[in-house]
Amino acid sequence: MSLPTKIRSLLQPTPTTPSITLTTTPLPALTPSSPTEHLIRVHATSPCAGELTWPSWNPHLFSSTIVPCYDLSGTVITAPPDSPFQPGTEVWGRTNVNHPGNAREYTVAHTYELAVRPGSVDKVAGASVPLSAETAVQALFKHGGLAGFEEGKAGNEKNNGKKVLVTAASGGVGVWLLQLAREAGVGGIAAVCGTGNMGLVRELGATEVVDYTKCSLKEWAEKEGKADLVIDCKGGESLAQCWYAVRDGGILLSICEPPEGRRPADCEGKNVQSDFFIMEPRGVDLVDVGKFFDEGKVRTVVDSIWKLEEYQQAFEKLDKGHSKGKIILKL
């Protein structure tokens, strides 16, 4: 297969400035004799809200060349001899920020970041899944204490008595928290969203819906009862409200900021385990997700699809918030 010497790529020239540009760069080169690096033809990627500010927070975590967008759907071009992802394999994954991302025609990904993308998943829409689904898996099972899929029916029975609440439930991570909680047998799934997304979140697994434009979480909890596990995907005042919705001895997680910094002075919750976590790129977390796709139990939720050269419009839409699912850049 003949490969180009130059490719189109988005670049963030300065880590401390949240701006990007479309340019032409050399084809990425693999590290000689690397046991984990793969060259991948990118079909699509997906930006994450606020990601252009990440390098300014922790510049030591990023490579010297910053290519944004760490979701990946693509085809393996070159692979290590013993890799489970040989050339021609259709893959997806969330790559680590310590090497350039995937808003480019060809990218590099490591074995641990990848999983086989099911044939039942469209190669473009597939880019909406990895970051969000992996975050959901880790929130529900690693940090949230629910029984995992490996426990089968016994795990679902354990989870049946649990109540989980999700904020920003129609967003990129929220839609996967709902679907995976449903597949894990969680008995009560409360979704917080706006009026226009109530039908969507019910379709994805919510058994209760809180319309934040009409009811605060404090009011909802007083009427409907508190949750065992609350997962915040919004931060700010939304996170502050979450403190009223978690039961004594329950768990409050945020993927946005430390919950303790938003605890209201009048919150009387006791023995709440609160935690802020950043997801880890783990291709293995997509294995069960892929099975659910093949079984027709889950689906992608895509807000909009943009060409690479339309990146400015895509990021502008992302920054406005209130997207329904993920925004995609198609290459």
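Being of a type outside the set (S, T, N, Q) and within 23 Å of residue 172 (Cα to Cα) narrows it down to one residue among 302, 272; which is it?
Details: 272 fails: within 23 Å of residue 172 (Cα to Cα).
Result: 302 is the single residue among 302, 272 that is of a type outside the set (S, T, N, Q) and within 23 Å of residue 172 (Cα to Cα).
I'd like to know if region 219-229 contains one or more residues that are part of a strand (DSSP E or B), of a type in the set (A, V, I, L, M, F, W, C) and within 26 Å of residue 48 (Cα to Cα).
Taking every residue of region 219-229 in turn, at least one turns out to be part of a strand (DSSP E or B), of a type in the set (A, V, I, L, M, F, W, C) and within 26 Å of residue 48 (Cα to Cα).
For every residue, the table says whether it meets (1) farther than 26 Å from residue 324 by Cα; (2) in contact with a strand residue (DSSP E or B) (Cβ under 6 Å, 6 or more places away or on another chain); (3) surrounded by 13 or more Cβ atoms within 10 Å (Cβ to Cβ).
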residue	(1), (2), (3)
6	yes, yes, no
32	yes, no, no
35	yes, no, no
44	no, yes, yes
63	yes, no, yes
75	yes, yes, yes
78	yes, yes, yes
88	yes, no, no
97	no, no, yes
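Among residues belonging to region 225-243 that are free of Cβ contacts under 8 Å to residues at least 40 places away in the same chain and among the hydrophobic types (A, V, I, L, M, F, W, C), point out the one that is surrounded by the most Cβ atoms within 10 Å (Cβ to Cβ).
243
What single numbered condition from (1) surrounded by fewer than 24 Cβ atoms within 10 Å (Cβ to Cβ); (2) assigned by TED's automatic domain parsing to the domain that holds residue 90 fails to hold for residue 114?
(1)
Given (1) closer than 26 Å to residue 321 by Cβ; (2) crowded, with 20+ Cβ neighbours inside 10 Å; (3) in contact (Cβ under 8 Å) with a residue 60 or more places away in the chain, identify the lone condition not met by residue 55.
Of the numbered conditions (1) closer than 26 Å to residue 321 by Cβ; (2) crowded, with 20+ Cβ neighbours inside 10 Å; (3) in contact (Cβ under 8 Å) with a residue 60 or more places away in the chain, the odd one out for residue 55 is (3).
Specify which of the listed residues (157, 183) is more than 23 Å from the chain's Cα centre (by Cα), at pLDDT 95 or above and among the acidic types (Asp, Glu).
Unique residue meeting the criteria: 157.
Anything in region 176-195 that is out of contact with any strand residue (DSSP E or B) (no Cβ under 6 Å at 6 or more places or on another chain), in contact (Cβ under 8 Å) with a residue 40 or more places away in the chain and outside any loop (DSSP other than H, G, I, E, B)? List them, or say none.
Passing the criteria: 176, 179, 180, 183.
Among the candidates 123, 218, which residue alone is in contact (Cβ under 8 Å) with a residue 60 or more places away in the chain and of a type in the set (Lys, Arg)?
123
From the list 111, 95, 78, 65, exactly one residue is among the hydroxyl-bearing types (Ser, Thr, Tyr), closer than 21 Å to residue 312 by Cα and in contact (Cβ under 8 Å) with a residue 12 or more places away in the chain. Which is it?
After applying the criteria, what remains is 65.
Within region 258-280, how many residues turn out to be of a type in the set (A, V, I, L, M) and in contact with a strand residue (DSSP E or B) (Cβ under 9 Å, 6 or more places away or on another chain)?
2
Just to be sure, is residue 240 over 22 Å from residue 133 (Cα atoms) and more than 19 Å from the chain's Cα centre (by Cα)?
When the stated conditions are applied, residue 240 passes them.
Do you know which residues across region 49-76 are among the hydroxyl-bearing types (Ser, Thr, Tyr) and farther than 22 Å from residue 124 by Cα?
53, 56, 63, 64, 65
Within region 196-218, take every residue that is among the small types (Gly, Ala, Ser) and assigned to a loop (DSSP other than H, G, I, E, B) and give me the one that is surrounded by the fewest Cβ atoms within 10 Å (Cβ to Cβ).
216
The values are calculated or read from the model by the stated rules, or taken from the named source; none is laboratory data. It should be emphasised that the depicted structure is a prediction, and the values quoted were computed from it without experimental measurement. Neighbour counts are summed over all protein chains in view; Cβ atoms, including those assigned to glycine, are modelled from backbone coordinates with ideal geometry.
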